[in-house]
Amino acid sequence: MSDHADADTTDESPLDAALSQIERAADLIDLDGDLLEILTHPDQSHKVSIPFRRDDDSIEVLTGYRVQHDGVLGPYKGGLRFHPDVDAAECEALAIWMTLKCALLDLPFGGAKGGVVVDPKDLSDREHERVTRRFAEELRRFIGPNYDVPAPDMGTDAQTMAWFMDAYSMQAGEAQPGVVTGKPPAIGGSHGRMEAPGRSTAIAVREACNHYNLQLDNMTVAVQGFGAVGENAARVLHEWGATVVAVSDLNGAYYDPDGLDIPYIIEETELGFADCEDCYEEKLPNDELLTLDVDVLIPAAIGGVLNESNAADVKADLIVEGANGPTTPAADRIFEERGIPVIPDVLANAGGVTVSYFEWLQDISRREWTLEEVREELGEKMLEAFAETEERVEEEGVTWREGAYMVALDRLVEAHELRGLWP
Ligand code: NAD
């Protein structure tokens, strides 16, 4: 579970960034102004109060959000964060990115995001469970397997989803596994869901290397964040022969220019990077990881870490976004000027929502896929989305982010035009 804040070093808020990115892509596809107006406003935004009992019997009231951005392609889909910085605007930005991500991967889902304003470190396990159950109850009018399907995000995990699914099911009077994804496999979760966003990030690195005629097994890689996304991206890239030279969590970075032993680090640091002296050659402050002289940089922790203040110092030749929104638009412009390609979050970490879609399919059809099936289907989906984005990059001379947004927007526009405006 995570325990961190989105960096406060952003030059633009996540919502400003998401809106300016969508407007830029809209320009590129000559999008009709009316549709842009629709896509720059969320369908619904819910704010709820969550009273819960502390272990000492006192009562506290937390605030929770769920923003549903655009449902033209299907039920809303997106994570739930437990984090002190959660607010309506951040949820809206993240919901916009989810809409684009689902459209890019051609999934029958719209975008949503939500969360609770709380530091999960301040909650005991029992308190975390009570907050989750009450949050599920407060959201039950706005969610459901055919309407809006949450998933884990920062500060929440498979156990949180299990409690959420149980609370929803108890009130429904029957098991409703399809109400959330990212559950443990024993109660309807999918094999390969936890590793999925990290695996897709690794696939994005591999495909980008192919595109630029680089050999993956000659690449050095630095990964910021060692949670669901970063750890799995590092593990898969290590398995595929890349040299992962730096990884980090909130407590700092481990660095070894000859390559870290990623499986050993995973084993030794289950509870965090506090200290494991034989895991590294050198320990670095977190922000130094971002400017290491490596071939590939994977920010996989929090938003806004690559911004106007450090973009000029980044020495990587390729950036692949494991986290959501790690690069601000100002940094994007600097990377474009410097010729550093950025494979965007909506493509790179889309494995999370893609395997969530597979989980949802398994839940509604009551059928379990094997890990091999999940990995194979994920690989195919990623290759399709990568190829469509690559085509825009090659044919229209746009950045990878612009290309990905253009593919996604085209799908959203077609669906909006076909469905028309009600009434
Ligand atoms: P997580 O909570 O599992 O892990 C986050 C990691 O980042 C932790 O190791 C934490 O210690 C570290 N971290 C936090 N602040 C840091 C800092 N300043 N410097 C270095 N490390 C720091 O979270 P996650 O699920 O891996 O999510 C990470 C990012 O990926 C988020 O932006 C999230 O929205 C995005 N994402 C997650 C999923 C998913 O399914 N989990 C899917 C797609 C995208």
If R₀ is 51 angstrom, what is the calculated FRET efficiency for the pair GLU174 and LEU28, using the beta carbon separation as r and rounding to 0.05? 0.65
May I ask for the equivalent-ellipsoid semi-axes of region 140-265, computed as the square root of five times each C-alpha gyration tensor eigenvalue and listed largest first in whole Å? 36, 16, 11
Evaluate 2.2 N^0.38 Å with N set to the residue count of region 42-178, then give the Cα radius of gyration divided by it. 1.00
Considering only protein heavy atoms and a probe of 1.4 Å, how much of the accessible area of region 355-423 is carbon and sulfur, as a whole percent? 50 percent
Using R₀ = 22 Å, calculate the FRET efficiency as 1/(1 + (r/R₀)^6) where r is the Cβ-Cβ separation of ASP55 and VAL117; round to 0.05. 0.65
Expected output is a single nm value to one decimal: the length gained when fully extending between GLU137 and TRP240, i.e. 0.36 nm times separation in residues minus the C-alpha distance. What is it? 32.7 nm
Take the residue pairs LYS101/LYS315; LYS47/LYS283; LYS77/LYS121; LYS183/LYS315 and return only those whose Cα atoms are more than 31 Å apart. LYS47/LYS283; LYS183/LYS315
Quick one: 3J(HN,Hα) in Hz for region 108-121, Karplus 6.51/-1.76/1.60 with θ = phi - 60°, rounded, Gly and Pro as x. x, 9, x, x, 8, 7, x, x, 10, 7, 7, 8, x, 5
Using amide H atoms built 1.01 Å from N in the peptide plane, name the residues 5+ places from GLN224, or on other chains, whose amide H lies under 5 Å from its own. ILE298, ALA300
Using θ = phi - 60° and Karplus 6.51 cos²θ - 1.76 cosθ + 1.60, couplings along region 371-382 (whole Hz; Gly, Pro as x): 4, 5, 4, 4, 5, 5, 5, 5, x, 5, 4, 5
Zero-based 5 Å bins, Cα pair distances in region 260-376, whole percents: 2, 10, 15, 17, 14, 15, 13, 9, 4, 2, 0
What's the Cα-based Rg to Rh of region 110-157, Rh via Kirkwood? 0.97
Could you work out the helix-only [θ] at 222 nm for the chain, with each DSSP H run of four or more residues adding -39,500 (n - 2.57) and the total divided by the number of residues, to the nearest 500 deg cm²/dmol? -13500 deg cm²/dmol
I'd like the FRET efficiency for ASP258 and ASP125, computed as 1/(1 + (r/R0)^6) with the beta carbon distance as r and R0 of 56 Å, rounded to 0.05. 0.90
Whole-Å distance linking the alpha carbon centroid of region 31-75 with that of region 285-339 is 29 Å
Using modelled amide H (1.01 Å from N, peptide plane; none on Pro or chain starts), what sits under 5 Å from the amide H of ASP70, excluding residues fewer than 5 places away? ASP43, GLY111
Anyone know which of ASP57, ASP125, ASP32 comes out most mobile in the 10 Å Cα GNM of the chain? ASP57
Ratio of region 196-343's C-alpha Rg to 2.2 N^0.38 Å, to two decimals? 0.94
Report the semi-axes of the equivalent ellipsoid for region 203-284 in whole Å, largest first, where each axis is √(5λ) for an eigenvalue λ of the Cα gyration tensor. 23, 12, 10
Which three extents, in whole angstrom, do the alpha-carbon atoms of region 54-125 cover along their principal axes, largest first? 48, 21, 16
Inter-label distance for GLU270 and GLN159, nm, one decimal - labels placed 7 Å from Cα along Cα-to-Cβ: 1.2 nm
Length added when fully stretched, GLU336-GLU281, from 0.36 nm per residue minus Cα-Cα: 16.5 nm
In whole Å, what are the Cα extents of the chain along the three principal axes, biggest one first? 55, 54, 41
Amide H within-cut-off set for LEU62, under 5 Å, with H built and near neighbours excluded: ILE50, PHE52
Could you tell me which trypsin sites (Lys or Arg not before Pro) in region 62-162 are loop residues by DSSP with no more than 13 other beta carbons within 10 angstrom of their beta carbon? ARG141
Once you have the Kirkwood Rh of region 141-198 from its Cα pairs, apply Stokes-Einstein at 10 °C and 1.306 mPa s and quote D in µm²/s. 138 µm²/s
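So if each residue of separation counts as 0.36 nm, and I subtract the Cα-Cα distance between HIS41 and GLU384, what length gain in nm does that give?
120.6 nm is the gain from fully extending HIS41 to GLU384.
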Percent relative contact order of the chain, based on C-alpha pairs within less than 8 angstrom and at least six residues apart? 18 percent
Describe numerically, in nm with one decimal, the distance between label points set 7 Å from Cα along Cα→Cβ at TRP422 and at ARG367. 2.9 nm
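The values are calculated or read from the model by the stated rules, or taken from the named source; none is laboratory data. Quick caveat, the model's predicted, so the values are computed rather than measured. With ideal geometry, Cβ positions are generated from the backbone for all residues, glycine too; neighbour counts draw on all protein chains shown. The accessibility values were calculated without ligands, DNA or RNA, using every heavy atom of the protein model including side chains. Shrake-Rupley method; radii C 1.70, N 1.55, O 1.52, S 1.80 Å.
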